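So the structure is just underneath, and the comments pick up after that.
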Amino acid sequence: MARYDTKQKRIIRAFLEEHMNCYMTVDDMYEQMSEAGEMLGRTTVYRTLEALFAEGEVAKIQMPSDKKAYYRYIDKEQSAYGQLLCLKCGAALAIDCSTFTEFAHHTQQSHGFRIIPAQSILFGYCEACQKRFMER
């Protein structure tokens with residue numbers, strides 16, 4: 001399958017690289033790019049994200065709270081790591097932690113279940129959101 005690098009794909013890839021630490025919906029990206037003056041259609045954004053996902057450049061998840069798809073650019077240096085994902089603000093942090101690796105090894109050895117760290121997402125609340133919650 002040929003990979004085409006269109007102008008639209010370059011625009012969307014650049015946008016994703018600028019927002020690498022959070023997952024966003026098609027609508028989020030469409031609105032933010034429109035506000036920045038990029039004249040792309042919502043369908044173009046969706047199709048391009050799906051193409052980038054198929055090519056392995058973009059991660060795609062479904063949040064537990066809704067049925068929408070969320071996308072994030074995959075940092076090549078962190079592609080082997082899992083993610084900590086804040087349910088409040090959407091921040092994504094790489095799990096570059098030996099304890100997580102040990103846990104994955106433990107589940108394989110003790111339970112016969114292989115965790116794929118690069119595709120693992122742990123949901124919770126980032127430090128900043130926890131502080132905002134405590135201030136209330």
note = Scanning region 106-128 residue by residue, the ones that are in contact (Cβ under 8 Å) with a residue 24 or more places away in the chain, surrounded by 12 or more Cβ atoms within 10 Å (Cβ to Cβ) and assigned to a helix (DSSP H, G or I) total 3
inquiry  = Name the single residue that is modelled with the highest pLDDT among those in region 70-82 being closer than 21 Å to Phe123 by Cα and open to solvent by 30 Å² or more (accessible area, probe 1.4 Å).
reply    = Tyr70
ask   = Restricted to region 18-36, and to residues that are within 12 Å of the chain's Cα centre (by Cα) and among the polar types (S, T, N, Q), which residue is surrounded by the most Cβ atoms within 10 Å (Cβ to Cβ)?
value = Thr25
task = State yes or no: is Met39 surrounded by fewer than 12 Cβ atoms within 10 Å (Cβ to Cβ), out of contact with any helix residue (DSSP H, G or I) (no Cβ under 8 Å at 6 or more places or on another chain) and of a type in the set (A, V, I, L, M)?
result = yes
query = Just wondering, is there one or more residues in region 51-68 that are among the charged types (D, E, K, R), open to solvent by less than 80 Å² (accessible area, probe 1.4 Å) and at pLDDT 90 or above?
reply = no
remark   = Conditions (1) in contact (Cβ under 8 Å) with a residue 12 or more places away in the chain; (2) part of a helix (DSSP H, G or I); (3) loosely packed, with under 15 Cβ neighbours inside 10 Å -> Phe15 fails only (3)
remark   = Checking Tyr73, Tyr46 in turn, the sole residue that is among the hydroxyl-bearing types (Ser, Thr, Tyr) and closer than 30 Å to Phe133 by Cα turns out to be Tyr73
remark   = Of (1) modelled with pLDDT of 85 or more; (2) in a helix (DSSP H, G or I); (3) open to solvent by 80 Å² or more (accessible area, probe 1.4 Å), Met134 satisfies every one except (1)
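Kindly evaluate Phe100 against the criterion of being over 24 Å from Gln8 (Cα atoms), surrounded by 13 or more Cβ atoms within 10 Å (Cβ to Cβ) and at pLDDT 85 or above.
Criteria met by Phe100.
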query = Within region 85-95, can one find any residue that is part of a helix (DSSP H, G or I) and among the small types (Gly, Ala, Ser)?
reply = no
message = Quick check on region 35-80: of everything there that is in a strand (DSSP E or B) and in contact (Cβ under 8 Å) with a residue 24 or more places away in the chain, which residue is nearest to Ala92 (Cα to Cα)?
response = Arg72
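The values are calculated or read from the model by the stated rules, or taken from the named source; none is laboratory data. Quantities reported herein were computed from a predicted structural model and do not represent experimental measurements. No Cβ is skipped: glycine too gets one built from the backbone with ideal geometry, and neighbour counts run over all protein chains shown. Accessible surface areas use protein heavy atoms only, side chains included; no ligands, DNA or RNA. Shrake-Rupley method; radii C 1.70, N 1.55, O 1.52, S 1.80 Å.
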